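The values are calculated or read from the model by the stated rules, or taken from the named source; none is laboratory data. Just so it is clear, the model here is predicted, and its values are computed rather than measured. Here the Cβ positions follow ideal geometry from the backbone for every residue, glycine too, while neighbour counts run over all protein chains shown. SASA here: full protein model, heavy atoms, side chains in, ligands and nucleic acids out. Shrake-Rupley method; radii C 1.70, N 1.55, O 1.52, S 1.80 Å.
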Amino acid sequence: MKKKNRYVYPAILTYEDKGKIAITFPDLPGCASCGETDDEAIDCGREALGGHLWVMERDGDEIPEPSSLNTLKLDENEVAVLIDVHMQPIRLAQENRSVSRTITLPAWMNARAVEQGVNFSQALQETLANDYGIRR
């Protein structure tokens, strides 16, 4: 599957009671967000769109072609907008995100390492890189 660097999808902003704006993507079921202003709803929608598409790419799911704005059926309290997302920063952020690992050490080793101010995360990363040749 060829990954695009930029996607543009139609979104529907639904103006709900109490000032909330729901945002949904007709071509991407399950991709939704909300906001209290148009700008906030669009920003949150862009974030939801990027995350949703990243998961689809990661899982190897087929990413559907976007619908045309003029084909969308809207209710009285709805407007359609196009939202774009650039995937390179999202992919990079996901690659560089930290993940937690639980490790077990003998109590004496933990105590001495704490006394010496060892950064356990850094020590493990350096060991994996140096001893096992694990590099990006």
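So here's what we get for this one:
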read-out	value
Sulfur and carbon atoms: percent of accessible area, the chain [1.4 Å]	49 percent
Most positive-pole-ward Cα, 48, 117, 81, against dipole of the chain from beta carbon charges	117
Scaled radius of gyration (Cα, divided by 2.2 N^0.38 Å) that the stretch 18-98 gives	1.18
Longest to shortest principal axis, alpha-carbon extents of the stretch 92-136, angstrom	38, 21, 17
The stretch 66-136: GluC sites (Glu not before Pro) in DSSP loop, at most 15 other beta carbons within 10 Å	76
Estimated [θ] at 222 nm from DSSP helical runs (n ≥ 4, -39500 (n - 2.57)) normalised by residues in the chain, nearest 500	-12500 deg cm²/dmol
Test item: Cα-centred dipole of the chain, Lys/Arg +1 and Asp/Glu -1 on Cβ, debye	900 debye
Calculated FRET value between residue 123 and residue 102, using beta carbons and R₀ = 22 Å, to 0.05	0.90
Largest-first principal axis extents of the Cα set of the stretch 1-48 (Å)	42, 19, 13
Cleavage-rule hits (trypsin sites (Lys or Arg not before Pro)) in the stretch 42-129: DSSP loop, at most 15 neighbouring Cβ within 10 angstrom	73, 97, 101
Spin-label model distance (nm) - residue 37 vs residue 113, 7 Å beyond Cα toward Cβ	4.7 nm
Approximate spin-label separation residue 74-residue 61, in nm, with each point projected 7 Å along Cα-to-Cβ	2.6 nm
10 Å binning of all Cα-Cα separations within the stretch 45-136, expressed as whole percents from 0 upward	11, 27, 22, 17, 12, 9, 3
